[in-house]
1. Restricting the range 14-51 to residues that are modelled with pLDDT of 85 or more and surrounded by fewer than 12 Cβ atoms within 10 Å (Cβ to Cβ), which is farthest from I95 (Cα to Cα)?
2. Search the range 52-69 for residues being charged (D, E, K, R) and in a strand (DSSP E or B), and hand back the single one that is surrounded by the fewest Cβ atoms within 10 Å (Cβ to Cβ).
3. Quick one: in the range 15-71, of everything that is of a type in the set (K, R) and in contact (Cβ under 8 Å) with a residue 40 or more places away in the chain, which residue is nearest to S99 (Cα to Cα)?
Amino acid sequence: MDTIKPYECSQCGSTDFEDAGMRQVRCSHCGSLFQELKDEPKVTILKGANVVFGKSANVEIHGDVEIQDGADVDIQGKIVIVKGQQKRFFDLELIKPGSKHKSV
């Protein structure tokens, strides 16, 4: 797993995090689980989905796109993914405190 360091754990103060997948990170020190919050929308095509963009499709997506393993996506038309030119800001939302977090 990759170590991510732009955050500070609200439970223990650590800045060491591991990628937990699905835009989640886990504090390496106390184990608290956080959801990454971004200022851009994200389209996620889940495992088992069957998505077809037909020949006449003209789709523009602003933000990120994630296609999970096991999703069947057929793109026959036009798909444009637009990512902003401005600096992106990231934040975290606590999902589950770790077992080793300090009392606040």
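The values are calculated or read from the model by the stated rules, or taken from the named source; none is laboratory data. Note that the structure is predicted; figures quoted are calculated from it, not measured. Virtual Cβ from ideal backbone geometry, glycine too; neighbours counted across all protein chains shown.
1. My answer is N50.
2. Within the range 52-69, the first condition is being charged (D, E, K, R), and the residues that meet it are 55, 60, 64, 66, 69.
Okay, now just the ones that are also in a strand (DSSP E or B), so 60, 64, 66.
On the way: E60: 9, D64: 15, E66: 12.
Here the answer is E60.
3. Just the residues of the range 15-71 that are of a type in the set (K, R), to begin with: 23, 26, 38, 42, 47, 55.
Subset that is in contact (Cβ under 8 Å) with a residue 40 or more places away in the chain: 26, 38.
Working: R26: 12, K38: 26 Å.
Taking the candidates together, the pick is R26.
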